[in-house]
Amino acid sequence: AMEIITRFAPSPNGRLHLGHVFSAYIAAQFARARNGICLLRIEDIDIGRAREEHVDAISSDLSWIGLSYAAPVLRQSTRFAVYQTHLNRLRELGVLYPCWATRSEIRQHIEAAPGGLKAWPRDPDGALVYPGLYRDISLSKRQAMMWEGRDYAWRLDIKKAQAMAEADNGGPLFFTECYSTECYSEDLSMKQKKQIQVDAHKFGDVVIARKDVPTSYHLSVVIDDAFQKISHVTRGADLLAATHIQRILQALLEIPAPVYAHHPLIRHLDGRRFSKTAGDTGFRELEALGWSPDRIIEHLPRPVGLGDAVSRDTLSKQLSEALTDVMS
């Protein structure tokens, strides 16, 4: 039988919030229910924002909430040479191109297009789709710009990449999803596995690496999942769309694809999801209010806790109010 290995992979750019706790528990339960293991991975490729104190805080928060992981914990910042090797492979395949466009240059181009910003397509994450400014420049111009030494990013020529991956595959690519919101089950069973056909075009030409960092989330995550022999990737539904890009990279790099399980996100009562950017500063404030780890877990939605919310991805009223008091 296949060994079941899941992972919880936070970025150390802030304290863990309740959404992280929910996600960490789902990964742990998923593995435990199948006599598998759950690994912790620190996704710290963003050198500018990653903080050592946050790495320590992640460990202590997870330990306090009752989760432990095997050592050593993989840290992405130690693996840049590995990512560079895979990046070179993608370059050799001819599916990457250097892009010198600044954010303002991209924005100006879009604003000048018919209909401007309002009419411009957005990707599944809501970002403006990159307009392909440097995709089709001549080789001589590209070499001249490289010579100038300006900062650039490596972008994935998404149409070319998907076409090549499908040609290698002998037909359309798919990934296996066993736990998205529509096939959500209380007992974390995998009865409703489904095959999702890959269509990454709506993302446009995503950034795969930068001049100073030889990777991106998309690249490092597929390389490390393969390296750690992750069989099941359990993560939030907000990353379901990104799986389309990641599946193409797996095909091009000839690395195995895990099974995916995208769980619902837990939300504040106002419908907003928990996030670091919104200033959701963590769950340890509840400790100061006298909440025990068991009580916090119990208030999370099923299948982690007993939170009997109206919809499964809404936090129970009591917990949400307690948090609102703390955060205000």
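The values are calculated or read from the model by the stated rules, or taken from the named source; none is laboratory data. The structure displayed is predicted, hence computed values, not measured ones. Every residue, glycine as well, gets a Cβ built from its backbone with ideal geometry; the counts of neighbours run over all protein chains shown. Please note that ligands, DNA and RNA were not included when accessible areas were found on the heavy atoms of the full protein model with its side chains. Shrake-Rupley method; radii C 1.70, N 1.55, O 1.52, S 1.80 Å.
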Problem set entry | Qualifying residues in region 192-234 (those that are among the hydrophobic types (A, V, I, L, M, F, W, C) and assigned to a loop (DSSP other than H, G, I, E, B)) - the one nearest to Arg135 (Cα to Cα) | Val206
Problem set entry | Any chance Ala70 is touching a residue at least 12 places away in the same chain (Cβ under 8 Å) and in a helix (DSSP H, G or I) | no
Problem set entry | Test for Ser23: is it without any contact (Cβ under 8 Å) to a residue 12 or more places away in the chain, part of a helix (DSSP H, G or I) and surrounded by 12 or more Cβ atoms within 10 Å (Cβ to Cβ) | no
Exercise. For Ile248, all conditions in the list (1) modelled with pLDDT of 95 or more; (2) in a loop (DSSP other than H, G, I, E, B); (3) open to solvent by less than 30 Å² (accessible area, probe 1.4 Å) hold save one; what is the number of the exception?
Worked result: (2)
Exercise. So is Tyr134 open to solvent by less than 60 Å² (accessible area, probe 1.4 Å), touching a helix residue (DSSP H, G or I) at 6+ places or on another chain (Cβ under 9 Å), part of a loop (DSSP other than H, G, I, E, B) and touching a residue at least 60 places away in the same chain (Cβ under 8 Å) or not?
Worked result: no
Exercise. Considering region 153-179 alone, what residues qualify as being outside any helix (DSSP H, G or I) and open to solvent by 50 Å² or more (accessible area, probe 1.4 Å)?
Worked result: Gly170, Pro172, Phe174
Problem set entry | Lone qualifier among Pro303, Pro256 - being modelled with pLDDT under 80 and either open to solvent by 10 Å² or more (accessible area, probe 1.4 Å) or not in a loop (DSSP other than H, G, I, E, B) (or both) | Pro303
